[in-house]
Structure formats: C-alpha cells, structure tokens
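Structure, as structure tokens:
The values are calculated or read from the model by the stated rules, or taken from the named source; none is laboratory data. Bear in mind the structure is a predicted one, so any value in this text is a computation, not a measurement. Reconstructed Cβ throughout: ideal geometry from the backbone, glycine too, with neighbour counts over all protein chains shown.
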Amino acid sequence: MFLTVFIDLIGFGIVVPLVPLYSRHFGAHGLVIGAIIASFSAMQFIFSPIWGRLSDRYGRRPILLISTAGAAASYVLFAVSTGIENHVAALVLMVVSRGFAGLCGGNITVAQAYIADITPPAQRSRRMGLIGMAFGLGFIFGPAIGGLSLKYLGSTGPGWVAASLCAANFVLALFILVESRKPTSDPVAHRPHLNQWIHTLTQPRIGLLVIVFFLATFCFSCFESTLPLVVSDNFHLNIQRDETSASTVAYLFVFCGLIGAFVQGGAIGRLVRKLGEPKLIAVSLILTGISLALLPFISGTAELSWAVLVKPEGRSWLAMLGALALLSIGSSLTRPPLFGLLSNLTPPNEQGANIGVAQGAGSLARILGPIFATGLLPYHPALPYLVCTAVLLGTTGLVVQNFRGETSSSANAGATEAAK
C-alpha cells in the first residue's frame, strides 16, 4: 500500500510545483493561476467522498486501480498541454488535465481506509504516518525528477515521466495489491452526497476534526501555490529562463519533502504516545503558523547553490531553508494524528465514507486556498501568509478548547486491547 501511494505521489510531486510557473509562462496571472491550481481540488472535492463510499461497498482494490489509471491519463493530457504553442489552448488543456486528475484522485482517501482496515486502533496514527511519509518522499523524488526531466526532456518531459510512472504503478497494483475490506464489514447504507456530508459533520468530534483539517489544508495550499512565485520575486530569479526558476523551486520542495518524510517516518509514533493526538495537532498548527509568518519577508539576490550557502549572500537562503524546515515539521505533524483520531472515532463500515468527507473538505480548502492566496499576492506578498498565520493560531485554540483533557486515543485503544 505504501509503495502504491508513494509512486502515485511521485507523479503528483513532479507536476504540482511546475503548474504555477507553466501557468505564468502561458500568460496567466493572479486569480487565473489560482483557478488553474484549484481545478484539481474542485473535482476532488466532489468525487473523494464518492470514491470513499464506493470503496466501502465494492472494496478498496478496484477503486485504487481506477484512480491510478485515471492519474496516468491526466498526466498525458498535462504533457500535451505543455507542448502547445497557442497559450490559450495550452491553459485550457492544462485546466482539463488537472480537473481530470482530481476526478480520478481517490487514492489517498481509499489508501487511508485501507490502512484502517488492516491496523488495530492503537497503531492507526503511526500507520497513517506512512501515508504522510509517502507524501514527503513524493515531494523529494517528484520535484527532483521533474527538474531533471525538464532539463533533459524539455517542457513536455515532466508530464510524460509522471504518466509513465503512474502507468507502471497501475501494473504494480494490479498484480500485487490484495483486497483489505473484510467480507464481514457490511457497508453502511448509501446516502446521497450532501446527506453524507451532513451525517459526518454533525458527529461533534468527527465534524470538528474535518473542520480543523479543512483550515490546516487551506493554509498549506496558500503556501504551496504561492511559494514558487514569492521565491522567484523575492530572490530575483531569472524568470526569462523557466528552467532556472523551476529548478530552484524543485530543490526547495525536495528539501521540504526530506524533512516531512523524516518526521512522519520515524517521529510520529513516539510523539503520539508522549503528547496524544490533540496536543500534537495543536503543536503542529502553531509551528506551521510561525513559519508562514516568516517566509514572505525573506529575500536575497543570489541564486540557490551549494557554493552560495557558505558565502555571506547565502544567509538569506539559509533563513529561507530554516523557515521551510519549520513549516515542514509543523505540517507533517498534522495529518497522521488527525486521521488516526478520526479513524478511531469512526465505525469500521464507515471508514471510507468519513475519511472521504475529510479528504473532500481538504479538496475544498485546496480550491479556495490558491484562489485566495494568488488573489491577495499582487497587493502584498505577505498578506496571504499573515492571514493564514492568524487562521492557524485560531484553529489551535479550537483544538485546545474542544479536546481539553483528552488523552491519546491510540493509547486508550491499546489499554483496552491489553485489558481484553
């Protein structure tokens, strides 16, 4: 399961850092760039809960196969869009490719339900960290592969490489992935799309966790969609040569991925046992908020390289890397305990449905975040970042107030199992 998600997210990591830069290259600005980025999440918002419910009813394996095949097709469209000379046509096809990718983007929802199927409650937060680790590794290898394919294969290279990886992933999953949903886990009665949202959100603690995930994802998507533009402007990169700007952004995303993979691969289990899920979520939101407040005020004149980091003019890049490390640590600590807690509060026959709603809320945040951030960015680069800092600190208060005195659900589940 980890390998399947990891390969899928390499493809995602290849494309995502390049979308804002390609969009700008094809003449898009401000809200248009935000809308292009948001097209993926708009479709994912609609279809993530549907994929989750279908996986509860028909099994995890067929849904994962469908979504993986769809991802490969979407990257083919992306590759074609980046090679079109007509800028309007290129932008239209790019929107179509990202929207189709979102429509087929059921992998993460179903993967988390798969993890819940095969993991006892006491270990779910730690195992959910594997999904987060796959995210981190995807953003290590993805941007690096994207940068190399752009350099050696040209502007269409990243899309074709991503499509090839996802096609290989489909073949891999077809032959090695087994079904996880137990025959005894009868699916919950089918609910219309809106009714499923209402059902999930009106469960007090589950609904609160969905809201927290929405707000955290909103703020992270603001950072994710504007960092390439802020770095290009603040460090005066040579945007006349797309490879320069794209490669620098790729290196920064690789750095963030390394930090995220390290945190989620080894530290999550120990931190959950020490702090419990609610406190760990609160700490993660505070760290992310502080880092966002710092990022837009860091600027310099030198291009990023190993040589410049040891020179006086490299101090700005060291400050940028420090702020990004803090953000990577904070954001990496949010998802695993949040989904571990959500999973433990959810009946076995509703894992896919409730996780699907949470992922749908995250997709909604990824629609609104890029549009919000790219819309404010022309007025002042710091505006979206400072607003997000305020949102994250307010969300921290929401978590502390509503989970006051709450101990680790994983620890409680482990104690129950031991008592039995």
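Consider PHE175 carefully, then state whether it is in a helix (DSSP H, G or I) and under 23 Å from the mean Cα position of the chain (by Cα). No, not satisfied.
Quick check on region 14-34: of everything there that is of a type in the set (Gly, Ala, Ser), on the phi < 0 side of the Ramachandran plot and at pLDDT 85 or above, which residue is surrounded by the fewest Cβ atoms within 10 Å (Cβ to Cβ)?
Initial filter on region 14-34 (of a type in the set (Gly, Ala, Ser)): 23, 27-28, 30, 34.
Imposing the further condition that a residue be on the phi < 0 side of the Ramachandran plot reduces the set to 23, 28, 34.
Filter again for at pLDDT 85 or above, leaving 23, 28.
Values: SER23: 24, ALA28: 21.
Of everything passing the filter in region 14-34, ALA28 is surrounded by the fewest Cβ atoms within 10 Å (Cβ to Cβ).
Exactly one residue out of SER97, SER55 is closer than 14 Å to GLY352 by Cβ and either of a type in the set (Ser, Thr, Tyr) or free of Cβ contacts under 8 Å to residues at least 40 places away in the same chain (or both): that is SER55. No other residue among GLY34, GLY27, GLY11 is part of a helix (DSSP H, G or I), under 16 Å from SER155 (Cα atoms) and not aromatic (Phe, Trp, Tyr) apart from GLY11. Residues that are of a type in the set (Val, Ile, Thr) and under 20 Å from ARG366 (Cβ atoms) within region 1-31 comprise VAL5, ILE10, ILE14, VAL15, VAL16, VAL19, listed in sequence order.
So is TRP317 out of contact with any helix residue (DSSP H, G or I) (no Cβ under 9 Å at 6 or more places or on another chain) and hydrophobic (A, V, I, L, M, F, W, C) or not? No: the conditions fail for TRP317.
To keep it simple, each residue is scored yes or no on (1) outside any loop (DSSP other than H, G, I, E, B); (2) over 17 Å from PRO381 (Cα atoms).
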{"position": "GLU224", "(1), (2)": "yes, no"}
{"position": "LEU229", "(1), (2)": "yes, no"}
{"position": "HIS236", "(1), (2)": "no, no"}
{"position": "PHE253", "(1), (2)": "yes, yes"}
{"position": "LEU287", "(1), (2)": "yes, yes"}
{"position": "SER291", "(1), (2)": "yes, no"}
{"position": "LEU294", "(1), (2)": "yes, no"}
{"position": "ALA307", "(1), (2)": "yes, yes"}
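For the residues ALA307, ALA353, ALA382, the requirement of being surrounded by fewer than 23 Cβ atoms within 10 Å (Cβ to Cβ), more than 30 Å from ARG270 (Cβ to Cβ) and at pLDDT below 85 singles out ALA307.
PRO143 passes every criterion in (1) buried (at least 23 other Cβ atoms within 10 Å of the Cβ); (2) more than 11 Å from LEU9 (Cα to Cα) apart from (2). Would you check if SER328 is at pLDDT below 95, more than 30 Å from ILE50 (Cβ to Cβ) and part of a helix (DSSP H, G or I)? Against the criterion (at pLDDT below 95, more than 30 Å from ILE50 (Cβ to Cβ) and part of a helix (DSSP H, G or I)), SER328 qualifies. For region 167-183, the criterion of being at pLDDT below 85, of a type in the set (A, V, I, L, M, F, W, C) and touching a helix residue (DSSP H, G or I) at 6+ places or on another chain (Cβ under 6 Å) is satisfied by at least one residue.
When ARG181 is tested against (1) of a type outside the set (Gly, Ala, Ser); (2) under 18 Å from ARG61 (Cα atoms); (3) more than 21 Å from the chain's Cα centre (by Cα); (4) not in a loop (DSSP other than H, G, I, E, B), only condition (4) is not met.
Residue-wise test of (1) buried (at least 19 other Cβ atoms within 10 Å of the Cβ); (2) basic (Lys, Arg); (3) modelled with pLDDT under 80; (4) under 30 Å from THR119 (Cα atoms).
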{"residue": "HIS199", "(1), (2), (3), (4)": "no, no, no, yes"}
{"residue": "ASN238", "(1), (2), (3), (4)": "no, no, yes, no"}
{"residue": "THR244", "(1), (2), (3), (4)": "no, no, yes, no"}
{"residue": "VAL249", "(1), (2), (3), (4)": "yes, no, yes, no"}
